[in-house]
1. Of all residues in segment 230-256 being hydroxyl-bearing (S, T, Y) and assigned to a helix (DSSP H, G or I), which is modelled with the highest pLDDT?
2. Report, by residue number, each residue of segment 55-75 that is of a type in the set (S, T, N, Q) and either touching a helix residue (DSSP H, G or I) at 6+ places or on another chain (Cβ under 6 Å) or within 23 Å of E344 (Cβ to Cβ) (or both).
3. Could you tell me whether any residue of segment 341-348 is modelled with pLDDT of 90 or more and not in a helix (DSSP H, G or I)?
4. Quick check on my filter: what residues within segment 306-352 are more than 21 Å from the chain's Cα centre (by Cα), farther than 30 Å from L288 by Cβ and without any contact (Cβ under 8 Å) to a residue 24 or more places away in the chain?
5. Across segment 399-425, what is the number of residues that are surrounded by fewer than 18 Cβ atoms within 10 Å (Cβ to Cβ) and part of a helix (DSSP H, G or I)?
6. If a residue must be among the small types (G, A, S), in contact (Cβ under 8 Å) with a residue 24 or more places away in the chain and either assigned to a loop (DSSP other than H, G, I, E, B) or out of contact with any Ser or Thr (no Cβ under 8 Å at 6 or more places or on another chain) (or both), how many such residues does segment 143-176 contain?
7. Kindly provide the set of residues from segment 75-96 that are surrounded by 18 or more Cβ atoms within 10 Å (Cβ to Cβ) and among the aliphatic types (A, V, I, L, M), ordered by number.
Amino acid sequence: MQTEALPSASGSVNGTAHLPPVAVHIEVRLRPSSTADVADVATAARVFLTSNRTTLQAETEVVDWTSSRFLTAHVDRIRIAEIASRSSSIPITSAKLSVHVYQPLSDDFTEEFSAAEPDADQAEESIAASVAELPNRALDGVWDSLVYEDDIKTKLLNYIYTTLLFSDANVDFNLVSWNRVVLLHGPPGTGKTSLCKALAQKLAIRLSGRYTHGKLVEINSHSLFSKWFSESGKLVQRLFSMITELVEDEAAFVVVLIDEVESLTAARSAAASGTEPTDSIRVVNALLTQLDKLKHRKNVLIMTTSNITEAIDGAFIDRADIKQYVGLPPPKAIYWILESCLRELMRVGLVAPLRLPSYQVAASKESLDNVMTPEGRAGILLVEIANGCRGLSGRSLRRLPVLAHAHHIGMAQAPIECEVWMQAMRKALKETQPENGETGI
């Protein structure tokens, strides 16, 4: 987790500043069949990196560790994650490696819970929540695929570090208060729910030294409204009683995800004015009560999302420690997203390999000097596409390569040249734009 402060130049000998080492987080995934000791794997990873790397680049995959027979036998992924520095690349000699070893379950089993009474008619039951074990192989890579321009992911990681630090220090809740509640809000399709799940996975990996496993509880908000008057509040209470039982296992870190939280926290002022059913008041009151109980637990985090923050009760918004807007991506982030799509298609052999320039290089005037090279042309074309994709959600952007292939490449033999594929993407984008300029994908 990126928690260390940036190094300062205080303290020097003979005029030369001695800077503290920079924290670099390394994530190492064990093979499903591995029974290796975690400490041995962490040591082997440190030795391998310090022996074979001169620099470390943030957010990159290590592609080859066959020189270590031990790692080859037990590890199937090594990723250099965050670097606690303004620079995304540092010399290995300046790094303090924090190695996080994890082993996801071999299956993606999910347990389902009903909030109905035990003796209720089966026809009356609905699934109130699902519980997945973490780390979960299905969530690996989701964090890396989410691209935001304003450091949202780092802010969330640092928030978790702060809550753990304050809890460990036994800070008096009566004097300094936090609620362990995060609200992500913004238009649909911007990756709010995916970010919540990816953060849960990231925390299960990063906190593996503190907790043996994690749990992701996804609440089905709509199932908590009963057709019977006054029952909805009781459904919320029963569900959170189950969650409390999970949290009582102090070896587990529990992330509770409430998607579209506005359906559970409708503003009570609307109910009072008669525009909302009075039962919704009981739901909001029950939820706020349960959140107040959970905030004293060190091993729980409540993640919520909303597309309509205006509909959320003010008391719930006040309880959110972080209220983070997740908007539609700007051209720079669009470029990153489309670039990640193309790199994935290159990885599987559908697009011919090509080293795409960074956005900064592709969008600069100097890139015009490289227009005669395949890399230069591809970068300039991708910038043009990114500018044309303004207003699209991340979900729509990741669908664009599919439409490009379906409509303009079809049965052509792979691998397809990168520039040809991007021309197809540009055509697909234009086809989805009506005369008013709005996209329809």
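1. T244
2. Q57, T60, T66, S68
3. So far as segment 341-348 goes, yes, one or more of its residues are modelled with pLDDT of 90 or more and not in a helix (DSSP H, G or I).
4. Once the filter is applied, which keeps residues that are more than 21 Å from the chain's Cα centre (by Cα), farther than 30 Å from L288 by Cβ and without any contact (Cβ under 8 Å) to a residue 24 or more places away in the chain, segment 306-352 yields R347, V348.
5. Result for segment 399-425: 8.
6. Summing the residues that are among the small types (G, A, S), in contact (Cβ under 8 Å) with a residue 24 or more places away in the chain and either assigned to a loop (DSSP other than H, G, I, E, B) or out of contact with any Ser or Thr (no Cβ under 8 Å at 6 or more places or on another chain) (or both) in segment 143-176 gives 1.
7. Answer for segment 75-96, where residues must be surrounded by 18 or more Cβ atoms within 10 Å (Cβ to Cβ) and among the aliphatic types (A, V, I, L, M): V75, I78, I80, A81, I83, A84, I90, A95.
Residue-by-condition table, conditions (1) assigned to a helix (DSSP H, G or I); (2) crowded, with 18+ Cβ neighbours inside 10 Å; (3) touching a residue at least 12 places away in the same chain (Cβ under 8 Å); (4) in contact with a helix residue (DSSP H, G or I) (Cβ under 8 Å, 6 or more places away or on another chain):
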{"residue": "C196", "(1), (2), (3), (4)": "yes, yes, yes, no"}
{"residue": "L199", "(1), (2), (3), (4)": "yes, yes, yes, yes"}
{"residue": "L203", "(1), (2), (3), (4)": "yes, yes, yes, yes"}
{"residue": "K215", "(1), (2), (3), (4)": "no, yes, yes, yes"}
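The values are calculated or read from the model by the stated rules, or taken from the named source; none is laboratory data. Bear in mind that the values here come from a model prediction, so they are computed numbers and not experimental data. For neighbour counting, all protein chains shown are included, and Cβ atoms are generated from backbone atoms with ideal geometry for every residue, glycine included.
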